[in-house]
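Okay, structure first, notes after.
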Amino acid sequence: MSTSILNTILHSRTMLALTVIGAIILIPIVWEVLLRPLIVRPLIFVSFVVAALVAFVVIRGPLPVKSETREEETTAKTIARQLFPEGWKLTQWFRLNADGDAAEEHLLIFRYNYRSGGKNEPDEGPLGGVIYDSVNFPTSGEPTKSGELLPGMLLPDMANGKGQGYLGETRVVPFLCKAGDGLPEIVLFGFGGVPYPTFLSIFRWDGKRYAVLGHWIGGGGITVSPAKLTPSSDTKLTDVPLGCDSVVKEVAVRTRLNDRDFLCKKVVYRRGKAGETFRPGDPSIVFCYGAPKHPFYPEGAVAAFYETMQEKGFAEAQKAYMDEEGRNAWKRLSKKYPVKDHGKVRLVSLRHPSDFLPGVSGNGVLVTVTVKVNTGAGAYQADWGVAGRYENPNDPKKFVEWRLHSVELH
């Protein structure tokens, strides 16, 4: 017998002897001090048992449960590790069935062209998306030899007819929308650091690839119809896209004009049914976040008047943004362009004196704002006289209230 084996046996026997001696000493102590009083007093004993169970659960943690999200995460990370090119970084993952077969696919959102953030700072760069078919691809390991896993690129993509672009900047919220012929549409809302979506991309499998049906970027926000499809930046997600029972029929895109009033150019895109191309309507000028109650600049009062008339009706608009003289002036204008025809009004252009300065303290100010407007009865161009008064230009509390005061048709 070798020396090492002998030492091992002697060590084991020594440990066993020490354990037996320790047990002989401790068992009577535990009985007398702890167990006997508890058994004699049942209430104390029950409390002890309950406390012990609670302590066990807290220390051990919850029992393990099957997590589809965790399984999908493992699969997504395996795909990314084996098939992503250098420079792509996985950020989100979802399982879905978008091509009409019996097998699920994996939608992977990744960051590319990115700059790594520092400590406690997020990475910066655009988000792209790709769909991998799960056929012949196990949860771990290499793709099997019987089939090759091919990616279905969404964006970015340089394929002819696909268009170029990206899905978002900070997060993507996916929907899988049912279509009439069975093949769903993939609707991806992208976010860029604000609580509303500023990117929207819609794809559909055409038998060979995921064709893009629409791709929009709107710094002032994007909304769709049905309205319930429009998510927010904190919409909760799982490992599957959100569902919807109908496809997107209408997309409203607001593009910032970078002017002093925070106005946007709004274009509404519409289509008849699933699979069709979206067609743009005529643009209009609106506030990016809705008409304010107290516009700071005079042309803002004009823009707010037309937007409020479109959204809430003429009565609400004239009450909020017209003075008495303005209401009389509107009566003359409405003889040629009735109020009922302003139900589909579009403010086409807005021009104001860029070098406008208010008059001296206490004086009234009348500013001319030129507009082009399309209505159901035709288009017109007009000069609105917008009246206001500065009690003190340097005191924010003495803020001027602008009111539409007069109008002259061209």
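Given just the C-alpha atoms of the range 192-291, how large is their convex hull per residue in cubic angstrom?
127 Å³
Roughly how many whole Å is it from the C-alpha centroid of the range 177-199 to that of the range 242-274?
Between the Cα centres of the range 177-199 and the range 242-274 lies a distance of 12 Å.
List the residues, sorted by chain then number, that are 5 or more residues from residue 250 or on another chain and whose placed amide H is less than 5 Å from its amide H.
So residue 250 has HN proximity to 225.
Express in nm, to one decimal, how much length is gained between residue 377 and residue 206 on full extension, taking 0.36 nm for each residue of separation and deducting their alpha carbon distance.
Here the answer is 57.3 nm.
Based on the Cβ-Cβ distance from residue 368 to residue 194, what FRET efficiency comes out when R0 is 45 Å, to the nearest 0.05?
0.85
Which residue, 294, 275, 264, has the largest displacement toward the positive end of the dipole of the range 254-300 when charges sit on each Cβ (Lys, Arg +1; Asp, Glu -1)?
Of the listed residues, the answer is 275.
Using the Kirkwood radius built from alpha carbon pairs, what does the Stokes-Einstein equation give as D for the range 79-135 at 37 °C and 0.692 mPa s, in µm² per second?
D, rounded to a whole number, is 262 µm²/s.
Please compute the alpha carbon radius of gyration of the range 238-347, then divide it by the globular-protein estimate 2.2 N^0.38 Å. Two decimals is fine.
Output field value: 1.34.
Taken together, the values in this text are just the output of simple stated rules run on the coordinates, not laboratory data. This structure is a prediction, so every number in the text was calculated from the model and none was measured. Here the Cβ is made from the backbone with ideal geometry for all residues, glycine too, and neighbour counts use every protein chain on show.
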